[in-house]
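What follows is a set of notes on a single structure, which appears directly below.
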Amino acid sequence: MSTHRTEWHAEDTSIAAYLAGDAPPVLAASLEAHLLACGTCRSRLAELDARDGTAERDRAWALLADHVDRPSRSPWLLRSTVATPALLRAALVAVALVGLVPLLTAATAGERGLVALLVAAPLAPVVAVALAFRAEVDPAGQVSLATPAAGLRLVSARALVVAGAALPAAYLVLAAVDHWWADVPVSLALAWCLPGLALASTVLAAGTTRLDPTYVAVSVGVGWALVVGAGVSARRRVDPEAFADLVAHPTLQLVALLVAVAAVATTVVRRDAVAYRRTA
Amino acid sequence: MTSRPVTGPTVPGVVTAAPPLSFAGVTRSFGRSRAVDAVSLTAGPGVVGLLGPNGAGKSTLLRIAATVLAPDRGEVRLLGLDPSRPDERLEVRRRLGYLPQAPGLYPGFTPFDLVDYVAVLKEHTHAARRREEVRRVLVSVGLEDDMHRKIRRLSGGTRQRVALAAALLGDPDLLVLDEPATGLDPEQRLRLRSLLSQARTVVMATHHIAEVSSVCHEVHVVLGGRVHFSGPPAGLAALAAGRVWEDDRPDPRAVHSWLTPAGTHRHVGEPPAGAALVAPTLDDGYLLLTAEARR
């Protein structure tokens with residue numbers, strides 16, 4: 001067939017268009033029929049492909065590789081936090097501690113259990129901050145510590161993401177209790193904010209020292225339970241109203257505000273210690 | 001291997017560049033134990049080996065060199081910059097690659113996603129260029145076929161190469177590598193050597209003497225938190241000059257002695273009169289140094 005003689009040869013422009021995939025179907029079909037018969041045009045096709053085709057092929061490969069190698073689209077902040085199951089698991093544990101355990105106690109122990117739930121809620125952000133300091137929660141582990149992004153920015157971003165997930169969950173549990181179980185004083189939801197902030201920012205500030213934030217978080221949690229326990233027992237009443245009275249008390253709120261301001265200020269002043277320090 | 005000057009080239013009238021790494025009286029304790037004890041050394045450019053037994057303080061020195069850990073006392077200069085100053089530390093971190101001893105990579109990521117994440121932390125903000133760079137480093141450590149598999153499905157040596165790829169991002173001026181050859185097979189070790197020889201300054205911890213003799217321009221022997229030797233590898237071998245001999249029988253007076261494959265007993269220590277002295281190797285120098293440090 002290739003020996004078949006023909007007077008007509010395909011134009012270079014047609015062959016180039018065919019190679020680039022731009023030839024209209026009719027032209028492409030007739031060109032293919034002709035190429036089968038014409039050795040001259042076949043070798044011309046090979047020449048043109050070798051000359052112009054590589055750039056085109058490279059571009060196509062680059063596009064393909066770009067598509068295949070595309071990392072997941074989630075923003076890097078989320079990838080550095082929620083995308084890490086270690087952290088997500090820990091956040092779920094925190095939510096469970098804050099919500100489920102006292103909820104179960106409430107189911108079995110009535111109002112006392114409800115008080116336990118109310119006591120535990122402000123500890124959610126504490127857990128969040130303590131977790132944020134742990135190097136294990138970073139997908140790249142220790143590698144991240146030597147990067148320009150390491151430091152308070154990364155830590156507080158993580159803390160915010162976990163607290164942002166844990167707090168609404170805690171409030172949902174509370175709303176559920178209020179709806180199906182027992183009345184929860186509404187004032188409490190607001191009264192929580194300052195103590196929660198104070199406890200969490202204390203842990204954040206502790207992260208700028210040599211203390212292990214995890215131990216500080218535990219101490220802060222125990223301290224909070226002692227304060228509340230003492231306050232409630234001094235009132236000789238263990239019910240949600242007594243607890244709400246205690247937490248919403250101006251003295252406690254003022255102290256919480258002062259602690260929060262002092263802790264945040266300490267953290268900002270000593271922020272460099274987070275970026276250039278590791279206890280272990 | 002021939003040694004090359006420890007400091008940069010000295011040209012009259014030209015300010016000599018600061019050594020890539022310099023420690024002066026650097027001390028770091030953990031609780032009561034002093035991991036690094038008043039270490040002063042300058043290192044680089046080229047491949048610098050920190051040689052020493054486990055627990056000698058190599059990793060602590062490297063973590064200080066990687067700006068991950070601040071020293072309790074002492075002056076640190078990395079690439080001529082002071083990491084205790086926030087702005088200079090940021091600059092160092094932009095030009096630094098770090099491979100920790102236990103990287104702790106999250107196993108649910110693929111190597112590509114993981115190195116891409118590190119690239120984000122390293123301020124590679126342009127998405128297309130970042131992807132290209134991530135591909136480049138992964139290919140350079142030989143992970144072209146594994147870059148889209150989950151890390152948990154990869155072997156230990158392959159994971160090590162993922163962390164190495166992350167350290168190579170952005171072609172850093174200073175590479176700090178803690179036991180980079182861990183888990184690598186002989187072929188991968190060879191590849192690592194050629195990677196290291198292309199880097200500007202590499203500071204690496206190792207307890208393999210063979211690694212030091214094959215890639216390092218200079219070596220620092222770390223024992224008990226202190227530096228006991230600094231110099232070219234040949235200098236470490238030269239420490240044992242005239243103190244290595246071979247005999248048919250074991251010699252109880254030797255500091256160390258062992259049976260060689262040739263069937264003779266090789267001894268390191270103070271040779272008896274008339275002993276058949278042999279040329280020392282790096283191992284001999286290192287063994288003598290550790291034995292003397294212990295005394």
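All of the numbers you see were taken from the coordinates with simple rules; none came from a lab. These numbers come from a predicted model, not from an experiment. Glycine gets a Cβ as well: all are built from the backbone with ideal geometry, and neighbour counts include every protein chain shown.
Assorted remarks:
- Those residues of segment B:189-229 whose amide nitrogen sits under 15 Å from the label point placed on B:R136, 7 Å along Cα→Cβ: B:198-200
- Taking 7 Å steps out from each Cα toward its Cβ at B:K150 and A:A230 produces label points 5.0 nm apart.
- Each label was represented as a point 7 Å from its Cα along the Cα-to-Cβ direction; for B:D251 and B:E187 these points are 4.4 nm apart.
- Karplus-derived 3J(HN,Hα) values for segment A:200-211, using 6.51 cos²θ - 1.76 cosθ + 1.60 with θ = phi - 60°, are 5, 6, 5, 5, 4, 5, 4, x, 8, 10, 7, 5 Hz; glycine and proline are entered as x.
- Calculated FRET efficiency for the pair A:S219/B:R94, C-beta based, R₀ 30 Å, to 0.05: 0.20
- Computed from point charges on the beta carbon alone (+1 for Lys and Arg, -1 for Asp and Glu), the dipole magnitude for segment B:237-294 about its Cα centre is near 80 Debye.
- In loop segments of segment B:10-108 as defined by DSSP, the trypsin sites (Lys or Arg not before Pro) with at most 11 further C-beta atoms inside 10 Å of their C-beta are B:R32.
- Once the C-beta distance of B:A291 and A:A46 is scaled by a Förster radius of 60 Å, the resulting FRET efficiency is 0.25 to the nearest 0.05.
- Remark: spin-label model distance B:A241-A:A176 equals 7.9 nm, labels positioned 7 Å along the Cα→Cβ axis.
- When segment B:20-134 is reduced to its Cα atoms, the Kirkwood hydrodynamic radius in Å: 15.8
- From phi via Karplus (6.51, -1.76, 1.60), per-residue ³J(HN,Hα) for segment B:221-230 in Hz, x at Gly/Pro: 8, 10, 9, x, x, 10, 8, 9, 8, 9
- Taking a sphere under 14 Å around the Cβ of B:R191 and counting the other residues whose Cβ falls inside, with K and R at +1 and D and E at -1, yields a net charge of -1.
- Folded to 0 to 90 degrees: helix B:186-198 orientation relative to chain B principal axis, Cα: 70
- Ordering A:C38, B:C216, A:C193 from the fewest to the most neighbouring beta carbons within 10 Å gives A:C193, A:C38, B:C216.
- Under 5 Å from the amide H of B:H256 lie the amide H atoms of B:V268, each residue being 5 or more positions distant or on a separate chain, with H modelled from the backbone and absent for Pro and chain starts.
- Surrounding net charge for A:I15, when Lys and Arg each add one and Asp and Glu each subtract one, Cβ distance under 12 Å: -4
- What the phi angles of segment A:31-40 give under the Karplus curve with 6.51, -1.76 and 1.60, with θ = phi - 60°, is a coupling list of 5, 5, 4, 5, 4, 4, 8, 10, x, 4 Hz, glycine and proline written as x.
- Calculated P(r) of segment B:82-195 - Cα pairs past 25 Å, %: 18
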